[in-house]
């Protein structure tokens, strides 16, 4: 049951657009920085396949410049 | 104490957020996230904090380990450490996971009848000492060796050196750093004449430009990188990331220049071409401190098994070096390196 955190860098001037696009995705929590063009993305999925699909969806967002993974955990599904 | 999976999963999720915030803070000092996002993050609790060194890389950060009932449960940067000044990177913050890892060796194992058997440490050490003594008595002091770790602390390295060189009397002391640093030593000796990385922390405080040449410092050495970012923010020093791919270092830099793999030496030559042809050479420095040697420009794949390196450097003079660089004009190099002529000239102008 993967939990991963990423730093998402938006294309120039596209932070709000990227925030909105990420917020629309399920299993995806977004924490935008208040004073920098950077967002933290935390994904919480049920299995590796779902995790992979979600990452592909995030990477296909046009307003995303770079997605850099910071940490990844594999933990049992919650009760 | 029982921890429900819900709580555990929630805790891990918060750890993931903390890791990302830490990584972001080392790239963008002073970065702020909304307060409500930090609410409910785990706090330090009533822990006993012990000093220690971080062993993940060569930067040498000081850490404080939070101990609860004799068990290490938390890590934070030591604010009194002159190296990291309280900062830590993601690797440092996750050290507890290594200490508590299920597959970590926590007791001595001695192979008996083909199987590893748990053995008291004093007994295991006696076996090692007796075997070493037996071997030395039969074959001499150079018949034994100690292979240690690049992650050893300075005191541990000192003790190992005292034991092997001082007490036993052999130079057979080595560590895994040989595998990564041996090539660097050769490079330092042939390029700078001394086996030490050039520069020090104080240089960072005075530099106007930093070029991270094939070096993703934001992820590999974030605490050291934070010193450069501090100078960028405080004095307007410039960071140029020169690499084969876009990384967090590229994002934190003033300028990112990408090159095709295995072409950066040609770019270096093109930079030299520009410097010489624009009359920017420090002639006094070159005359007093630089030797020019020519070798093969294509030596094949030197890392293959049983490779016989036959190339011998031939001394040349500055004029011959200048002629050699005619093959490395910015226009020629740009075609295969992927670096624009404008960017090569920009690097040369620094």
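The values are calculated or read from the model by the stated rules, or taken from the named source; none is laboratory data. In this text, all values refer to a predicted model and were calculated from it rather than measured experimentally. Cβ coordinates were reconstructed from backbone atoms using ideal geometry, including for glycine residues, and neighbour counts include every protein chain displayed.
Selection of region A:38-64 for residues being closer than 17 Å to residue A:7 by Cα and either at pLDDT below 90 or in a helix (DSSP H, G or I) (or both) yields A:51, A:52, A:54, A:55, A:56, A:57, A:58, A:59.
Take residue B:321 and tell me if it is over 20 Å from residue B:271 (Cα atoms) and either touching a strand residue (DSSP E or B) at 6+ places or on another chain (Cβ under 8 Å) or surrounded by 11 or more Cβ atoms within 10 Å (Cβ to Cβ) (or both). Spelling it out, it is not the case that residue B:321 is over 20 Å from residue B:271 (Cα atoms) and either touching a strand residue (DSSP E or B) at 6+ places or on another chain (Cβ under 8 Å) or surrounded by 11 or more Cβ atoms within 10 Å (Cβ to Cβ) (or both).
Does residue A:4 satisfy the criteria of being within 14 Å of chain B (Cβ to nearest Cβ), more than 22 Å from residue B:29 (Cβ to Cβ) and assigned to a strand (DSSP E or B)? Criteria met by residue A:4.
The residues of region B:186-204 that are in contact with a helix residue (DSSP H, G or I) (Cβ under 9 Å, 6 or more places away or on another chain) and at negative phi, listed by number, are B:194, B:195, B:196, B:197, B:198, B:201, B:204. Residues in region B:233-252 that are without any contact (Cβ under 8 Å) to a residue 40 or more places away in the chain, crowded, with 18+ Cβ neighbours inside 10 Å and in a helix (DSSP H, G or I): B:249, B:250. Where strands (runs of 3 or more DSSP E) fall entirely within region B:253-343, those with at least 2 residues that are touching a residue at least 12 places away in the same chain (Cβ under 8 Å) and within 27 Å of the chain's Cα centre (by Cα) are at B:255-258.
Considering the conditions (1) in contact (Cβ under 8 Å) with a residue 24 or more places away in the chain; (2) farther than 26 Å from residue B:263 by Cα; (3) surrounded by fewer than 11 Cβ atoms within 10 Å (Cβ to Cβ), residue B:180 is excluded by exactly one of them, (2).
Taken over region B:32-51, residues that are at pLDDT below 80, part of a loop (DSSP other than H, G, I, E, B) and out of contact with any helix residue (DSSP H, G or I) (no Cβ under 8 Å at 6 or more places or on another chain) amount to 6. Just to verify a result, which residue in region A:20-29, among those that are in contact with a strand residue (DSSP E or B) (Cβ under 6 Å, 6 or more places away or on another chain) and under 16 Å from residue A:60 (Cβ atoms), is surrounded by the fewest Cβ atoms within 10 Å (Cβ to Cβ)? The residue in question is A:23.
Between B:207, B:243, which is at pLDDT 95 or above, within 14 Å of chain A (Cβ to nearest Cβ) and out of contact with any helix residue (DSSP H, G or I) (no Cβ under 6 Å at 6 or more places or on another chain)? So that I can check it myself, show each step before the final result.
Values: B:207 fails: within 14 Å of chain A (Cβ to nearest Cβ).
Within the list B:207, B:243, the selection yields B:243.
Could you please let me know if residue B:29 is more than 9 Å from every other protein chain (Cβ to nearest Cβ), in contact with a helix residue (DSSP H, G or I) (Cβ under 9 Å, 6 or more places away or on another chain) and at pLDDT below 70?
Numbers: more than 9 Å from every other protein chain (Cβ to nearest Cβ): yes; in contact with a helix residue (DSSP H, G or I) (Cβ under 9 Å, 6 or more places away or on another chain): yes; at pLDDT below 70: no.
Against the criterion (more than 9 Å from every other protein chain (Cβ to nearest Cβ), in contact with a helix residue (DSSP H, G or I) (Cβ under 9 Å, 6 or more places away or on another chain) and at pLDDT below 70), residue B:29 does not qualify.
Cβ separations smaller than 6 Å between residues 6+ apart or across chains give the following pairs from region B:141-155 residues that are exposed (fewer than 13 other Cβ atoms within 10 Å of the Cβ) to residues that are at pLDDT 95 or above: B:142/B:170.
Are there strands (runs of 3 or more DSSP E) fully within region B:52-120 with at least 2 residues that are more than 14 Å from chain A (Cβ to nearest Cβ) and under 24 Å from residue B:18 (Cα atoms)? List them.
Values: elements: B:62-68, B:71-77, B:108-112, B:115-119.
Where strands (runs of 3 or more DSSP E) fall fully within region B:52-120 and carry at least 2 residues being more than 14 Å from chain A (Cβ to nearest Cβ) and under 24 Å from residue B:18 (Cα atoms), they are B:62-68, B:71-77.
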